[in-house]
């Protein structure tokens, strides 16, 4: 698996800053505690369809790039409009597979 990154971040320090800010925003939006787990990819089923959410790839239900995936009461897939700059993250419960960053 790849080393931790956030798409568009020009350095590891900037990626960390974006990740931490996204984590804090998700906690404020959901009222849940978010873990420090660095998640790269989720495979899951939603309404009978199989999906893959992967950092750096297009999120199939919104068409936006996935910037961060967080772990909490549910998994939180974050794009710019869903959990990073505004809005609630995309919630995923019970994924079939979870792949962490190295």
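Under the condition of being without any contact (Cβ under 8 Å) to a residue 60 or more places away in the chain and under 13 Å from the mean Cα position of the chain (by Cα), which residue from region 28-47 is surrounded by the most Cβ atoms within 10 Å (Cβ to Cβ)?
Taking the candidates together, the pick is 42.
Table: residues versus (1) under 24 Å from residue 96 (Cβ atoms); (2) surrounded by fewer than 15 Cβ atoms within 10 Å (Cβ to Cβ); (3) modelled with pLDDT of 95 or more.
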{"site": "2", "(1), (2), (3)": "yes, yes, no"}
{"site": "11", "(1), (2), (3)": "no, yes, yes"}
{"site": "14", "(1), (2), (3)": "no, yes, yes"}
{"site": "51", "(1), (2), (3)": "yes, no, yes"}
{"site": "55", "(1), (2), (3)": "yes, no, yes"}
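The values are calculated or read from the model by the stated rules, or taken from the named source; none is laboratory data. All figures in this text were calculated on a predicted structure; none of them were measured in a lab. Here the Cβ is made from the backbone with ideal geometry for all residues, glycine too, and neighbour counts use every protein chain on show.
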